[in-house]
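The values are calculated or read from the model by the stated rules, or taken from the named source; none is laboratory data. The model shown is predicted, which means the values in this text are computed figures rather than measured ones. We place every Cβ from the backbone using ideal geometry, glycine too, and count neighbours over all the protein chains shown.
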Amino acid sequence: MTAIHTLGFPRMGAHRELKFALEQHWRGELDRSALEAVGADLRAQHWQAQRDAGLDFVTVGDFAFYDQVANHIQLLGCEPPRFDFAGDEPELSRYFTMARGVAAEAGHDHAGCTHGDHGSFALEMTKWFDTNYHYLVPEFTSATRFGLASVRLFDEVAQAQQAGHRVKAVLLGPLSFLWLGKEKEGGFDRFSLLDQLVPVYEQVLRRLKQQGVEWVQMDEPILGLDLPDAWRHAFERTYWQLARSAPKLLLATYFSPLADNLRLACQLPVAGLHVDAVRAPEELTGICDWLSAHKVLSVGIVDGRNIWRTDPDAALARLATVAAKHKGELWLAPSCSLLHVPFSLAAEARLDAELKSWLAFAVEKLHELRVLRAVFDGDEASVQGELAAARAAIASRRASPRVHRADVALRLARRVESDDRRNAPFVERQALQRLRFALPPLPTTTIGSFPQTAAIRGARAAFKRGELDADGYRDRMRAEIELAVRKQEALGLDVLVHGEAERNDMVEYFGEQLDGFAFSANGWVQSYGSRCVKPPILYGDVARPAPMTVAWTAYAQSLTPLPMKGMLTGPVTILQWSFVRDDQPRSLSTEQIAWAIRDEVVDLEAAGIGIIQIDEPAIREGLPLRRAGWKAYLASATRAFRISASGVADRTQIHTHMCYSEFNDILPEIAAMDADVITIETSRSDMELLRGFGDFRYPNEIGPGVYDIHSPRVPDTDAMVRLMRKAATVVPPANLWVNPDCGLKTRGWPETEAALANMVAAAKVLRREL
Ligand code: GLN
Ligand code: ZN
């Protein structure tokens, strides 16, 4: 019989039990042993779900109280010495200190924060490959030593065995673990730690073997990246060494084609190989050619990154061609860990029955494996009902008029090349806009959002619960907008914003108003730690039935003679932060959204809004894992942005905003977006990242952020003056704007007003110097 297994399972629980337990623990309301009990209970339930679906193994080692990479830091004994833990500090409390920093910095938001004043700021977080999950980054120096330092994994294995499960343990492989870390010492190369690290992995594997574990899944997702030769070449000797003492190893790769690593992956001395047959189905033939028949081939046939129900016939056809070529054992699995999809559809109350029938979350995906295996092994009779239901759902989705709309198709068919170009080149637009707005040099503005106070969130919740009617809600939001306008006027800002009080989230707000998007009630996925997100589900052709922001923005403009900047989320970001269609290319979905945003931009202009910002913080996140894919992606992403921005007259000023600090490798494409003004995050890099813009001679206007909004600390005027002086040496001062790094929604009003007052004062100082 063909075996079925999963690479990993969501850890939050059906109702985010882990999130709530963690937050209670951090507030001091749940002690350590009670938290451990919650973890043990969740693991037991998740293993049982795997058992109920007939999986041949339960997967152990995928659970983590915060992050699986952090678990490995403790397992391998490489907690950074800067934490300076007391000898008797319990493992779990050290773990949370590494994950969250210490109380002295409690006011500092974790997300994206990479620095601090003393030794106990949290480990840096960064994105796990191209997912929206964030892992904690291991820190390495020449002094790093490894040693088997935690028994947590072995205890979990024992727990599963006691419950009567057959265990497959999972580890992040040594090369991926090192690769995902960062050097914290100049001139040091973390690769040099490999020889020290491998013996500790050997110890871990030996111990698992002693426990009777037959298979260990070694995740080496970096085989899907463009690797330096030294790293590629190290795989073979590493796995020779590991295989000596180990249980059977299943080397797992996912997220990306193996490409130049395909042969290498097939020839490593391991007992089995898992490949992502959803992301790289075209590689299956080559894999069958290179993988010897005595090895297990685990085919990642069910999409672990998306929420769609598997088309059983397409999957079976693919498996049949694999079986015809690979004479060895086949296993079936999701393409990657199910960490990246929500728990189950069972508790889903918000989606309609038809849409629900098109979906499969983690638990449903386990059962898809069971059905596929039955048919594949010739026992179709036992799953006839489930197979018929799956086929019917696939057929209904394929033919549904909710998915395929003639009007949307027609509109895209009518597009012409010039749709993505403004009428006049930037210099001409700049002249027209300068005449129109007559802004002072170094104009001041903000990125869009103002504090989302408890009162605002309360009003929105009351409106959603039906306790506040539409008029009441509108009045409350208008009052907030007016407050924000008056405060900005008093501060002396030059270009105002309405403050985004009405927005729960910058993607959800638009998704809720666009055709083609649906929202689940319970479709949570872990983003980092206890933080979960509920991505919108893009299921159908996108259209904008009615204006989405015009009424709020026009109201804000009616309150003031100063220019009011309209505020939209761009097509790439909306796509990137949603579950997206798998029945058409991402580029087409992005372009559909772009046309809907363009409608909004045009309507804002018609309502008298002369400056419109289209936020694209996620452009960089969408970059494919392999360089070979960059060009096509960037071409489509920048074209989508330009489509959204190009429906307006030259005298209308388009802004964009991006929240990150690495541009150098994509500057030509950023310039090709041709936004009249781009605002970026630069304060934490001390304006260093602006240098790239200068060297590149970036032609349009730029607002390099002058203060970090992640901290409640109020920056003083001198610091901002210093940063802007530095900026002015790199970029022509005539093209500079003055603004914070990002939106202010997570801040409170007092610190926001104080910081902006200093920022306006800084701009005045600088104007005198010009
Ligand atoms: N306009 C958004 C805000 O100010 C931008 C946030 C973002 O790009 N992340 O909140
Ligand atoms: Zn930002």
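The table below gives the values:
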item: Members of the range 650-706 that are part of a loop (DSSP other than H, G, I, E, B), within 21 Å of Glu621 (Cβ to Cβ) and either touching a Cys at 6+ places or on another chain (Cβ under 9 Å) or of a type in the set (A, V, I, L, M) (or both); result: Cys659, Met673, Ala675, Glu681, Leu689
item: Residue pairs meeting the criteria (Cβ under 6 Å; at least 6 apart or on separate chains; first under 19 Å from Leu493 (Cβ atoms), in the range 435-461; second more than 16 Å from ligand 2 (Cβ to nearest atom) and aromatic (Phe, Trp, Tyr)); result: Pro451/Trp749
item: Which numbered condition Val525 misses (of (1) crowded, with 23+ Cβ neighbours inside 10 Å; (2) in contact with a Lys or Arg (Cβ under 7 Å, 6 or more places away or on another chain)); result: (2)
item: Condition met for Asp674 (more than 16 Å from ligand 2 (Cβ to nearest atom), in contact with a Ser or Thr (Cβ under 9 Å, 6 or more places away or on another chain) and not basic (Lys, Arg)); result: yes
item: Matching residues in the range 736-762 - criterion: being more than 13 Å from ligand 2 (Cβ to nearest atom), assigned to a loop (DSSP other than H, G, I, E, B) and either crowded, with 23+ Cβ neighbours inside 10 Å or of a type in the set (Phe, Trp, Tyr) (or both); result: Trp737
item: Any hit, the range 574-596, residues being surrounded by 18 or more Cβ atoms within 10 Å (Cβ to Cβ) and acidic (Asp, Glu); result: yes
item: Scan of the range 232-242 for residues that are surrounded by 18 or more Cβ atoms within 10 Å (Cβ to Cβ) and not hydroxyl-bearing (Ser, Thr, Tyr), ordered by number; result: Ala234, Phe235, Leu242
item: Some residue of the range 442-460 being small (Gly, Ala, Ser) and within 16 Å of ligand 2 (Cβ to nearest atom); result: yes
item: Residue satisfying condition, being of a type in the set (Asp, Glu), within 16 Å of ligand 1 (Cβ to nearest atom) and over 18 Å from Gly703 (Cα atoms), within set Glu591, Glu605, Glu621, Glu662; result: Glu621
item: Selection count where residues are surrounded by 17 or more Cβ atoms within 10 Å (Cβ to Cβ) and in a loop (DSSP other than H, G, I, E, B), scope the range 509-522; result: 3
item: Members of the range 576-634 that are acidic (Asp, Glu), within 16 Å of ligand 2 (Cβ to nearest atom) and either modelled with pLDDT of 95 or more or in a loop (DSSP other than H, G, I, E, B) (or both); result: Asp615, Glu616
item: All positions within the range 188-231 that are farther than 13 Å from Ser176 by Cβ and part of a loop (DSSP other than H, G, I, E, B); result: Phe188, Asp189, Gln211, Gly212, Val213, Glu214, Asp226, Pro228
item: Some residue of the range 530-544 being within 16 Å of ligand 2 (Cβ to nearest atom) and under 27 Å from Leu345 (Cβ atoms); result: no
item: Filter result for Phe663 (within 16 Å of ligand 2 (Cβ to nearest atom) and in contact with a Ser or Thr (Cβ under 8 Å, 6 or more places away or on another chain)); result: no
item: Some residue of the range 465-485 being among the acidic types (Asp, Glu), assigned to a loop (DSSP other than H, G, I, E, B) and within 16 Å of ligand 2 (Cβ to nearest atom); result: no
item: Pair list, Cβ under 9 Å, 6 or more apart: the range 667-693 residue closer than 22 Å to Arg421 by Cα and within 16 Å of ligand 1 (Cβ to nearest atom), other residue among the basic types (Lys, Arg) and not in a helix (DSSP H, G or I); result: none
item: Subset of the range 650-699 (residues that are surrounded by fewer than 19 Cβ atoms within 10 Å (Cβ to Cβ) and on the phi > 0 side of the Ramachandran plot); result: Asp686, Arg697
item: Candidates Arg402, Arg350, Arg397, Arg391, filtered to the one that is over 23 Å from Leu297 (Cβ atoms), of a type in the set (Lys, Arg) and crowded, with 22+ Cβ neighbours inside 10 Å; result: Arg397
item: Hits in the range 535-575 (condition: assigned to a loop (DSSP other than H, G, I, E, B) and either under 25 Å from Trp595 (Cβ atoms) or free of Cβ contacts under 8 Å to residues at least 24 places away in the same chain (or both)); result: Pro535, Pro536, Arg544, Pro545, Ala546, Pro547, Met548, Thr549, Pro561, Gly570
item: Residue check for Pro740: of a type outside the set (Phe, Trp, Tyr), under 23 Å from Gln488 (Cβ atoms) and within 16 Å of ligand 1 (Cβ to nearest atom); result: yes
item: Residue match in the range 493-508 (condition: within 29 Å of Asp582 (Cβ to Cβ), within 16 Å of ligand 1 (Cβ to nearest atom) and part of a helix (DSSP H, G or I)); result: yes
item: Qualifying helices (runs of 4 or more DSSP H) (wholly inside the range 254-340; at least 2 residues being within 32 Å of the chain's Cα centre (by Cα) and closer than 19 Å to Arg232 by Cα); result: 262-267, 284-290
item: Members of the range 281-295 that are under 14 Å from Glu329 (Cβ atoms) and either surrounded by fewer than 19 Cβ atoms within 10 Å (Cβ to Cβ) or in contact with a Lys or Arg (Cβ under 6 Å, 6 or more places away or on another chain) (or both); result: Cys288, Ser292, Ala293, His294
item: Check on Ile709, within 16 Å of ligand 1 (Cβ to nearest atom), in a strand (DSSP E or B) and within 28 Å of Ala490 (Cβ to Cβ); result: no
item: Per-region count, the range 597-621, residues surrounded by fewer than 21 Cβ atoms within 10 Å (Cβ to Cβ), of a type in the set (Gly, Ala, Ser) and within 22 Å of the chain's Cα centre (by Cα); result: 0
item: Hey, Leu634 touching a residue at least 12 places away in the same chain (Cβ under 8 Å) and surrounded by fewer than 16 Cβ atoms within 10 Å (Cβ to Cβ) or not; result: no
item: Any pair with Cβ under 9 angstrom, 6 or more apart, that starts in the range 31-53 at a residue that is assigned to a loop (DSSP other than H, G, I, E, B) and ends at one that is basic (Lys, Arg); result: Ala53/Lys365; Ala53/Arg370
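Okay, residues lined up against (1) hydrophobic (A, V, I, L, M, F, W, C); (2) at pLDDT 95 or above; (3) in a helix (DSSP H, G or I):
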{"position": "Leu366", "(1), (2), (3)": "yes, yes, yes"}
{"position": "Val375", "(1), (2), (3)": "yes, yes, yes"}
{"position": "Val403", "(1), (2), (3)": "yes, yes, no"}
{"position": "Asp407", "(1), (2), (3)": "no, yes, yes"}
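Per-residue answers, yes or no, for (1) farther than 20 Å from Glu769 by Cβ; (2) modelled with pLDDT of 95 or more; (3) in contact with a strand residue (DSSP E or B) (Cβ under 7 Å, 6 or more places away or on another chain):
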{"position": "Ser646", "(1), (2), (3)": "yes, yes, no"}
{"position": "Ile654", "(1), (2), (3)": "yes, yes, yes"}
{"position": "Glu662", "(1), (2), (3)": "yes, no, no"}
{"position": "Thr682", "(1), (2), (3)": "no, no, yes"}
{"position": "Leu689", "(1), (2), (3)": "yes, no, no"}
{"position": "Gly694", "(1), (2), (3)": "no, no, no"}
{"position": "His710", "(1), (2), (3)": "yes, no, no"}
{"position": "Arg722", "(1), (2), (3)": "no, yes, no"}
